[in-house]
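**Q** Input: one structure, supplied below.
The values are calculated or read from the model by the stated rules, or taken from the named source; none is laboratory data. Everything quoted here is computed from the prediction, not taken from an experiment. Backbone-built Cβ (ideal geometry, glycine too); neighbour counts: all protein chains shown.
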Amino acid sequence: MRFENQINSERGFPDYSKRREYNIQWSHSQDSKSNPNSRFSASVNLGSSTYFQNSLNQINVGSRLNNVLTSSISYSKTFNTVPSVNLALTANHSQNTQTKTINMTLPTFTANVDRIFLFGKKDEPKKGFIKNINLQYSLKGENRISTVDSLFFKPQMFKDAKIGFQHSIPISTNFKVFKHYSFTSSVNYNEVWYTRTINKSFDFAKDAVVTKDVNGFDSYRTYSFSTGVGTTIYGTFNFGKKSKIKVIRHVMRPQIGYSYTPSFANYWNTYSTNAGGTILSDYSRFQDGIYGAPGKGYSNSVNFSLANTFEAKVVDKDTTKTELKKIVLLNALNLSSSYDIVRKLFDPLSLNGGTRLFKDKMNVNFGATLDPYALDNSGKRIEIYNISNGGSLFRLTSANMTLNYSLSSKSDKDSKETNKQGQRNGGRNDDLFGVNQDLSDRRKSQFGEDDKKEDKPFEGFYNAKLPWDLTIAYSVTYGNMSRQNAIVGNSIMLSGNLTLTPKWKLGASSGYDFVQKGVTFTQLRFERDLLSWRMDFNWVPFGQVTSWGFFIGVKAGVFSDIKWDKRKVPDSLVR
């Protein structure tokens, strides 16, 4: 927990100001062996919206650039009955530090009853359409609160809370046809309870539409149907005996589905929007509830998708091994779209994929959206196929690609241990946005070194091994939604650390934005281990968080006051 009472100038002077900044972080995870049937966990990160911007004791660029603080505390218990029942109680918190809005559920209650097979015995194999028919039951209740930073935990915050309960009973079955085609069908029944609804009417005295809250129990019921079929297709391509690539395997998983939801217009009403009553508008008394209102129109659509993976078997470079080496060419190459039977329109085709290269050191992810419909002269989407309008079959509306490459002289084991420290950088496991600077305790190493580790044996004054790590990230985004045909995002970021000697460490983070034509966040850091003492220097030379800091002090906590700490805080804190 961190709390700062910041006072600028003195009372009575025109530049006098006073503000309080706080941040609470707490993490707890219960050992699963202590009680297998119940579990308690917590991950809390809440505070004033401007803490990471205004804190004088911490410079955490990763958290500063992350505009959302989230928290979750949960307790669950399982009852080993037949069928089994699981109960859970959760409190959630989400806070936007830019808009200063806070959304919480205090609490969320869920109850789930395990799957019940209606026509099959518990221990017998479930084969066929009938014996696989099963149902489940779930109940979810929420007390949802939306407020702002200034009203946090004040009476007004609880007055505006919304309460709702949702019952869900899905009935489903699955079966195989011709051994290779898997069919699934389901009917979903939902019932929603509210303790407050709304009523809209035209107020002649105010000459405006007024919305009134109606306290009391009210409910609505909905149902829907869906079915689908899918299969898995394997394709192989064999190469010659002299080829290093022996075989490539292509795995395709096509799926096609159909869904239908009827209209629930009986839960909708009309109100006048003018004094004469000639203009009417529709509304549902449930529309302000936390689970929304039932749909006014019916939905009738067909969806389809195709998932692909590509793998290869190659001759291992190690000639002592007789088995072929398996490598992944593409982890995923997925396509999906749908057709609205009511509107008689296709949705844009979504394409995304990714893979790993160079012994999993480089991650490559890409995506694109392809629209089959054309644009008019004003750039608006029209219900005419693009190919019928003189264009290609699809119109590329957006595309993106990200590359992330990590290099290190450390072993894989050491690299994994380093990645565990990622939470210190605003949830990131890299230093692309610099490292967190805990200004309240500068005795800690900014390179994540543990002073409690046993000293390594003396390796001599000259050591040819210089431990280092380097992370390179590149991102590019293309936009063409309304014929802008432009690269809307294009940047590269780098971060690296170098251990010159066992006691000297250097690090830097920077990048370049090709669209804005400027250098991104840049941080330089140096550190010297002086055995019982530590000396470090960090510098952010430009940008919104321009700052520098120098520290030299005793590592031991009992001598924490023996130090010299000099720093220049970010410009944004003194403006």
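**Q** Please determine whether any residue of region 118-134 is at pLDDT 90 or above and crowded, with 17+ Cβ neighbours inside 10 Å.
**A** Going through region 118-134, the residues at pLDDT 90 or above turn out to be 133-134.
Now drop any that are not crowded, with 17+ Cβ neighbours inside 10 Å, which leaves 133-134.
Looking through region 118-134, at least one residue is at pLDDT 90 or above and crowded, with 17+ Cβ neighbours inside 10 Å.
**Q** If you don't mind, there's one more thing I want to ask. Are there any pairs with C-beta distances below 6 angstrom linking a residue in region 277-299 that is more than 22 Å from Ser259 (Cβ to Cβ) to a residue that is among the acidic types (Asp, Glu) and at pLDDT 90 or above, with the two at least 6 apart or on different chains, and if so which?
**A** Ile290/Glu142
**Q** I'd like to know if region 214-227 contains one or more residues that are in a loop (DSSP other than H, G, I, E, B) and surrounded by 11 or more Cβ atoms within 10 Å (Cβ to Cβ).
**A** In the first step, residues of region 214-227 are kept if they are in a loop (DSSP other than H, G, I, E, B); the result is none.
The answer is no; no qualifying residue exists.
**Q** Restricting attention to region 487-505, which residues are within 17 Å of Leu470 (Cβ to Cβ), without any contact (Cβ under 8 Å) to a residue 40 or more places away in the chain and either of a type in the set (D, E, K, R) or in contact with a Pro (Cβ under 9 Å, 6 or more places away or on another chain) (or both)?
**A** Of everything in region 487-505, those that are within 17 Å of Leu470 (Cβ to Cβ), without any contact (Cβ under 8 Å) to a residue 40 or more places away in the chain and either of a type in the set (D, E, K, R) or in contact with a Pro (Cβ under 9 Å, 6 or more places away or on another chain) (or both) turn out to be Leu498, Thr499.
**Q** Go through the residues of region 307-319 one by one and say whether even a single one is buried (at least 16 other Cβ atoms within 10 Å of the Cβ), without any contact (Cβ under 8 Å) to a residue 60 or more places away in the chain, of a type in the set (Gly, Ala, Ser) and closer than 28 Å to Gly354 by Cα.
**A** Checking region 307-319: at least one residue is buried (at least 16 other Cβ atoms within 10 Å of the Cβ), without any contact (Cβ under 8 Å) to a residue 60 or more places away in the chain, of a type in the set (Gly, Ala, Ser) and closer than 28 Å to Gly354 by Cα.
**Q** May I ask you to list pairs of residues, at least six apart or on different chains, whose Cβ atoms are under 7 Å apart, with the first in region 506-524 being within 19 Å of Pro467 (Cβ to Cβ) and the second being modelled with pLDDT under 95 and of a type in the set (Gly, Ala, Ser)?
**A** Close Cβ pairs (under 7 Å, with a partner that is modelled with pLDDT under 95 and of a type in the set (Gly, Ala, Ser)) amount to Gly507/Gly496; Ala508/Gly496; Ser509/Gly434; Ser509/Ser495; Leu524/Ala508.
**Q** Among Phe152, Phe165, which is the only one that is within 21 Å of Thr197 (Cβ to Cβ), aromatic (Phe, Trp, Tyr) and touching a residue at least 12 places away in the same chain (Cβ under 8 Å)?
**A** Going through Phe152, Phe165 in turn, just one is within 21 Å of Thr197 (Cβ to Cβ), aromatic (Phe, Trp, Tyr) and touching a residue at least 12 places away in the same chain (Cβ under 8 Å): Phe165.
**Q** Condition test on Ile116, is it out of contact with any Gly (no Cβ under 9 Å at 6 or more places or on another chain), of a type outside the set (S, T, N, Q) and in a strand (DSSP E or B)? Show your work before the answer.
**A** Numbers: out of contact with any Gly (no Cβ under 9 Å at 6 or more places or on another chain): yes; of a type outside the set (S, T, N, Q): yes; in a strand (DSSP E or B): yes.
Answer is yes for this residue.
**Q** Please go through region 143-162 and pick out each residue that is more than 19 Å from Val214 (Cα to Cα), among the charged types (D, E, K, R) and under 27 Å from the mean Cα position of the chain (by Cα).
**A** Hit for region 143-162 is Asp149, nothing else.
**Q** Now a separate question. Filter region 254-282 for residues that are aliphatic (A, V, I, L, M), loosely packed, with under 13 Cβ neighbours inside 10 Å and assigned to a strand (DSSP E or B) and give the result. Give the steps one after another, and end with the answer.
**A** Taking region 254-282 and keeping what is aliphatic (A, V, I, L, M), we get 256, 265, 275, 279-280.
Still in the running and loosely packed, with under 13 Cβ neighbours inside 10 Å: 275, 279-280.
The one that is aliphatic (A, V, I, L, M), loosely packed, with under 13 Cβ neighbours inside 10 Å and assigned to a strand (DSSP E or B): Leu280.
**Q** Under 33 Å from the mean Cα position of the chain (by Cα) and modelled with pLDDT of 80 or more: does that describe Ser547?
**A** Details: under 33 Å from the mean Cα position of the chain (by Cα): yes; modelled with pLDDT of 80 or more: yes.
Here the answer is yes, as Ser547 does meet what is asked.
**Q** Moving on. Given (1) at pLDDT below 95; (2) over 21 Å from Phe286 (Cα atoms); (3) crowded, with 16+ Cβ neighbours inside 10 Å, identify the lone condition not met by His180.
**A** Failing condition for His180: (3).
**Q** Suppose we keep only residues that are small (Gly, Ala, Ser) and surrounded by 14 or more Cβ atoms within 10 Å (Cβ to Cβ) within region 365-390. Which one would you say is farthest from Val476 (Cα to Cα)? Give the steps one after another, and end with the answer.
**A** Narrowing region 365-390 to residues small (Gly, Ala, Ser): 367-368, 374, 378-379, 388, 390.
So of that shortlist, the ones also surrounded by 14 or more Cβ atoms within 10 Å (Cβ to Cβ) come out as 367-368, 374.
Values: Gly367: 11, Ala368: 12, Ala374: 25 Å.
Top of the filtered list is Ala374.
The rows are residues; the columns are (1) touching a strand residue (DSSP E or B) at 6+ places or on another chain (Cβ under 9 Å); (2) under 30 Å from His180 (Cα atoms); (3) of a type in the set (Gly, Ala, Ser).
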site: Gly228; (1), (2), (3): yes, yes, yes
site: Ile233; (1), (2), (3): yes, yes, no
site: Lys241; (1), (2), (3): no, no, no
site: Arg249; (1), (2), (3): yes, yes, no
site: Arg253; (1), (2), (3): yes, yes, no
site: Ile256; (1), (2), (3): yes, yes, no
site: Pro262; (1), (2), (3): yes, no, no
site: Ser272; (1), (2), (3): yes, no, yes
site: Asp282; (1), (2), (3): yes, no, no
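**Q** Pairs needed: first member in region 352-364, within 15 Å of Tyr474 (Cβ to Cβ); second member anywhere, at pLDDT 90 or above and of a type in the set (Lys, Arg); C-beta distance under 9 Å; at least 6 residues apart or different chains.
**A** Qualifying pairs under 9 Å: Met362/Arg356; Asn363/Arg356; Val364/Arg356.
**Q** For region 1-48, enumerate the residues that are within 20 Å of Thr90 (Cα to Cα) and of a type in the set (Asp, Glu).
**A** Asp31
**Q** Working only within region 25-56, note down all residues that are among the aliphatic types (A, V, I, L, M) and either modelled with pLDDT of 80 or more or surrounded by fewer than 12 Cβ atoms within 10 Å (Cβ to Cβ) (or both). Walk me through how you get there before you give the answer.
**A** Narrowing region 25-56 to residues among the aliphatic types (A, V, I, L, M): 42, 44, 46, 56.
Ala42, Val44 - these are the residues of region 25-56 that are among the aliphatic types (A, V, I, L, M) and either modelled with pLDDT of 80 or more or surrounded by fewer than 12 Cβ atoms within 10 Å (Cβ to Cβ) (or both).
**Q** Moving to a separate point now. Could you grab the pairs with beta carbons closer than 9 Å, sequence gap of 6+ or different chains, first residue in region 544-558 and within 30 Å of Val519 (Cα to Cα), second one surrounded by fewer than 16 Cβ atoms within 10 Å (Cβ to Cβ) and of a type in the set (Ser, Thr, Tyr)?
**A** These pairs meet every condition: Gln544/Ser572; Val545/Ser572; Thr546/Ser572.
**Q** Filter region 168-213 down to residues that are assigned to a strand (DSSP E or B), in contact (Cβ under 8 Å) with a residue 40 or more places away in the chain and among the aromatic types (Phe, Trp, Tyr) and give me whichever is nearest to Asn132 (Cα to Cα).
**A** Looking at the filtered set, the residue picked out is Phe175.
**Q** Could you grab me the full set of residues in region 188-213 that are within 12 Å of Phe286 (Cα to Cα) and either more than 36 Å from the chain's Cα centre (by Cα) or surrounded by fewer than 12 Cβ atoms within 10 Å (Cβ to Cβ) (or both)?
**A** Going through region 188-213, the residues within 12 Å of Phe286 (Cα to Cα) turn out to be 192-200, 213.
Answer for region 188-213, where residues must be within 12 Å of Phe286 (Cα to Cα) and either more than 36 Å from the chain's Cα centre (by Cα) or surrounded by fewer than 12 Cβ atoms within 10 Å (Cβ to Cβ) (or both): Asn199, Lys200, Asp213.
**Q** Filter region 328-385 for residues that are under 19 Å from Ser305 (Cβ atoms), aliphatic (A, V, I, L, M), assigned to a strand (DSSP E or B) and touching a Ser or Thr at 6+ places or on another chain (Cβ under 8 Å) and give the result.
**A** Leu330, Ala332, Leu333, Leu335, Leu349, Leu351, Ala368, Leu370
**Q** So is Ile487 β-branched (Val, Ile, Thr), part of a strand (DSSP E or B) and either within 30 Å of Thr369 (Cα to Cα) or under 34 Å from the mean Cα position of the chain (by Cα) (or both) or not?
**A** Values: β-branched (Val, Ile, Thr): yes; part of a strand (DSSP E or B): yes; either within 30 Å of Thr369 (Cα to Cα) or under 34 Å from the mean Cα position of the chain (by Cα) (or both): yes.
So Ile487 fits the description; yes.
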